[in-house]
Amino acid sequence: MAPIVTPVQTHADVPSKTTVAIIGGGIVGLSAALTLAERGVPVVVFEKGRVVGEQSSRNLGWIRKTNRSPQDAPLAIEADKLWTGMAQRTGSNVGYQQPGIMFLSQTEEELAANRKWLDAVKDLNIDSRLLSPEDVDRMVPGGSRRWRGGLYTASDGYAEPTLAASAIASAAIDKGAIIVENCAVRTLSTFGGKVRGVITERGEIACEQVILAGGLWSRKFLGNLKISLPTLPIIGSVLRTAPMEGPTDIAVAGPDFSFRKRKDGGFTITQRAAMSAPLVLDHARIGLKYLPTLRANWHNLRLSLGRDVLSDYSLARKWKGSDISPFERTRTMDPVANPRLIEEAMDNLTAAWPAFKSAEITETWAGTIDVTPDSLPVMGAVPNWDGLTLATGYSGHGFGTGPAAGQLAADLATGAKPLVDPAPYDIRRFD
Ligand SMILES: Cc1cc2nc3c(=O)[nH]c(=O)nc-3n(C[C@H](O)[C@H](O)[C@H](O)COP(=O)(O)OP(=O)(O)OC[C@H]3O[C@@H](n4cnc5c(N)ncnc54)[C@H](O)[C@@H]3O)c2cc1C
């Protein structure tokens, strides 16, 4: 089951034209819409299902710079500033807090990796620091294991995924954005090598610019246009507990568990070392691009073969604007949580912090993540596609950067000064 998000009063009617059309009502598309509406730019968001129905409501809510690729850290630093002002900007409490994020280390190798990361980001003035075993015991009391140390960033934190993106959507609507649900964009309309509109299931809408923020569907959308975007799906399984006393408000990442306190007093928990990897045809098509990542993370993937291959195979790869598209066939991707991973998450966590033995599990869910070969998103223009801007492929860490990623996408689509240098996100790096 999907977590229940705050409802958004979206629009019933689709306008015949706009300036910027956004494909995808997740945190990235909605943040781009809010930015554009605040700047007075006419904008329409098209969502094939319901807004915030896929990754943006199903994630853990972590907002972190810690252990982020140094190339992606400037965006995360800008995102912190946006999260800090989010309650005021949206008029809603999105549960944003900065109690810090801690990554625990159990081996010398992991400590060395922490030192290496600190060295790589030293020019960015991030407040991350190494922890001794005693620091860990003091900051997260009640543990039953002795850790070698940890990496901690006090300015990291979290927000509530069930509140945040819908608050952004409602604020965007208040500022003049139009958001339409149950309206898939099938393809683009072009003239003279330039995008001039989107073809939706409810007809064509003229526009000057399109931002594609379609999460895990972007690969399929672009494939139909013969644009190659390498992303593969992996599924994370998550649980939440009833309100309880916990050891700390800090979000803690262990080797095979993670936990963070929720606004409702419970905890959001996952088996950090394992994700389900449904085998789909794309593994055969683009799997080679992932070899270095696969070698490093092979033991973390639980491969599954069966239903996913068949349902993937049954979806069209090529269609016209007059055809029903794959986006209408799956309104909301709603994978089932893997019970083994839920059990492992609780077992591993209670072995490390016995206080969680009394935790009552009140909900479990899963979400499908779109992962690129280098785990960096793809943002910016597509060669030979004037008027199309990509904002996709956030690889399991785009909730935290979402507000900044949306702003950057809005900047790039309208020719404004970009929030950060978009060079690391260029699609041509995969050529
Ligand atoms: C289990 C899990 C844990 C995670 N934990 C974290 C975390 O702690 N911190 C963090 O930073 N990130 C985390 N993430 C990742 C984060 O959730 C995503 O990176 C982020 O939400 C991506 O936002 P998005 O807007 O790109 O995509 P999405 O939220 O997936 O939104 C894309 C939307 O586009 C719509 N769409 C697609 N194609 C079309 C079309 N043709 N027409 C109309 N609509 C379309 C889809 O229906 C969907 O609603 C996690 C993800 C999962 C699943």
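The values are calculated or read from the model by the stated rules, or taken from the named source; none is laboratory data. Computed from a predicted model, the values in this text were never measured in an experiment. We place every Cβ from the backbone using ideal geometry, glycine too, and count neighbours over all the protein chains shown. Ligands, DNA and RNA are stripped out before the accessible areas are found, and what is left, the full protein with its side chains, is counted by its heavy atoms. Shrake-Rupley method; radii C 1.70, N 1.55, O 1.52, S 1.80 Å.
Quick notes on this structure:
- Distance violations [Cα-Cα > 21 Å] among 65/122; 122/261; 226/320; 116/261: 122/261; 116/261
- Alpha-carbon spread of the chain, three principal axes, descending order, Å: 65, 47, 40
- Packing-based ranking, highest mean first, of 166-172, 382-388, 282-288 given that Cβ atoms within 10 Å are counted: 166-172, 382-388, 282-288
- Measuring nothing but protein heavy atoms, the accessible surface of segment 20-430 at 1.4 Å probe radius is 53 percent carbon and sulfur.
- Separation between Cα centres of segment 113-127 and segment 182-211, rounded to whole Å: 43
- Amide N of segment 348-388 lying under 12 Å from the label point, which is placed 7 angstrom from the Cα of residue 71 along Cα→Cβ: 372-379
- Among 322, 189, 258, the residue with the largest mean-square fluctuation in a Gaussian network model of the chain, with springs joining Cα atoms closer than 10 Å, is 322.
- With viscosity 0.692 mPa s and temperature 37 °C, the Kirkwood radius over alpha carbon pairs of segment 1-146 converts through Stokes-Einstein to a diffusion coefficient of 176 µm²/s.
- Reported to the nearest whole Å, the Cα centre-to-centre distance from segment 62-80 to segment 356-431 is 12.
- Length-normalised contact order for the chain - Cα pairs under 8 Å, 6+ apart - percent: 24
- Candidates 404, 316, 76: whichever shows maximal mean-square fluctuation once the chain is modelled as a Gaussian network with Cα springs under 10 Å: 316
- Area of residue 198 that stays accessible when all protein chains are in place (1.4 Å probe, Å², to 10): 0
- Sparse-neighbourhood loop sites, GluC sites (Glu not before Pro) in segment 344-374 - DSSP loop, at most 11 other Cβ within 10 angstrom: 360
- A 1.4 Å probe run over the protein chains yields, for segment 20-430, 40 Å² of accessible area per residue, whole-number rounding.
- Full extension of the chain between residue 13 and residue 421 yields a length gain of 143.2 nm, computed as 0.36 nm times the residue separation minus the alpha carbon distance.
- Choice from 16, 375, 105 with maximal GNM fluctuation in the chain (Cα, 10 Å cutoff): 16
- In the frame of its principal axes, segment 318-423 has Cα extents of 56, 38, 24 Å, reported largest first.
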